[in-house]
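The values are calculated or read from the model by the stated rules, or taken from the named source; none is laboratory data. Fair warning: this is a prediction, and the values are worked out from it, not measured in the lab. When we count neighbours, we look across all protein chains shown, and the Cβ atoms used for this are built from the backbone with ideal geometry, even at glycine.
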Amino acid sequence: MILNAPNLINSESEVILTPNIVEFGRLWERFIKTPVPLMNIQDQTINWRGINDPEIQPALVLARTLGVNLLIKGQVDIATDGKSVICIGEPGSKKRVGGQGDVLAGVLASTVHQAQINGFDIVRALATASLIVRKSAFIAFNKKQRGFTTPDLIKALPIGLTQLLSNYNL
């Protein structure tokens with residue numbers, strides 16, 4: 001939608017875009033107008049990356065150019081507001097299911113709200129949402145294997161959240 005109606009983004013809004021790596025490429029080509037750079041982040045950890053790290057520069061550039069917050073979904077998710085970035089390599093499921101992005105959007109709404117009322121920054125809220133959905137998808141996939149569906153993911157959210165709260169300072 002943003003590709004065809006970029007005026008939906010304005011400097012007064014706090015927009016969050018959640019493109020996968022292919023959608024990121026389309027956004028890059030439309031708004032940056034250069035060949036899409038490779039972002040090959042392999043970390044299986046959660047970490048703050050330096051803003052000068054060449055692997056995450058494209059995410060920072062696009063977020064700054066559009067004036068948005070990005071949660072780029074891929075092998076490693078990238079959360080950025082254009083000023084800081086967190087890479088999330090927590091293992092998820094071995095397959096994507098229809099509706100997983102909708103679940104992420106709901107979790108994002110909750111984590112962003114919590115960040116606003118508790119004074120956390122948006123990048124931490126984006127990373128937390130990614131972690132919750134990845135962990136819950138991992139749990140659901142391990143239980144249902146290839147039969148894993150979105151309702152299984154939703155049922156696993158409380159378990160994933162509980163496990164994350166005990167492992168990370170969220």
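The table below lists the values:
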item	result
Any hit, segment 105-126, residues being basic (Lys, Arg) and more than 11 Å from the chain's Cα centre (by Cα)	no
Filter result for ILE78 (in contact with a Cys (Cβ under 6 Å, 6 or more places away or on another chain), touching a residue at least 12 places away in the same chain (Cβ under 8 Å) and outside any helix (DSSP H, G or I))	yes
In segment 1-59, residue modelled with the highest pLDDT [restricted to those that are under 18 Å from the mean Cα position of the chain (by Cα) and of a type in the set (Lys, Arg)]	ARG26
Of residues in segment 93-141 being surrounded by fewer than 17 Cβ atoms within 10 Å (Cβ to Cβ) and touching a Phe, Trp or Tyr at 6+ places or on another chain (Cβ under 9 Å), the one nearest to ASN20 (Cα to Cα)	LYS95
Residue match in segment 145-158 (condition: under 26 Å from ARG64 (Cβ atoms) and surrounded by 21 or more Cβ atoms within 10 Å (Cβ to Cβ))	no
Selection within segment 111-170 - free of Cβ contacts under 8 Å to residues at least 40 places away in the same chain and among the hydroxyl-bearing types (Ser, Thr, Tyr)	THR111, SER136, THR162, SER166
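Condition check ((1) assigned to a helix (DSSP H, G or I); (2) assigned by TED's automatic domain parsing to the domain that holds PRO37; (3) hydroxyl-bearing (Ser, Thr, Tyr); (4) within 25 Å of GLU29 (Cβ to Cβ)) across all residues:
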site: THR65; (1), (2), (3), (4): yes, yes, yes, yes
site: LYS94; (1), (2), (3), (4): no, no, no, no
site: ARG134; (1), (2), (3), (4): yes, no, no, no
site: PHE138; (1), (2), (3), (4): yes, no, no, no
site: ASP152; (1), (2), (3), (4): yes, no, no, no
site: THR162; (1), (2), (3), (4): yes, no, yes, no
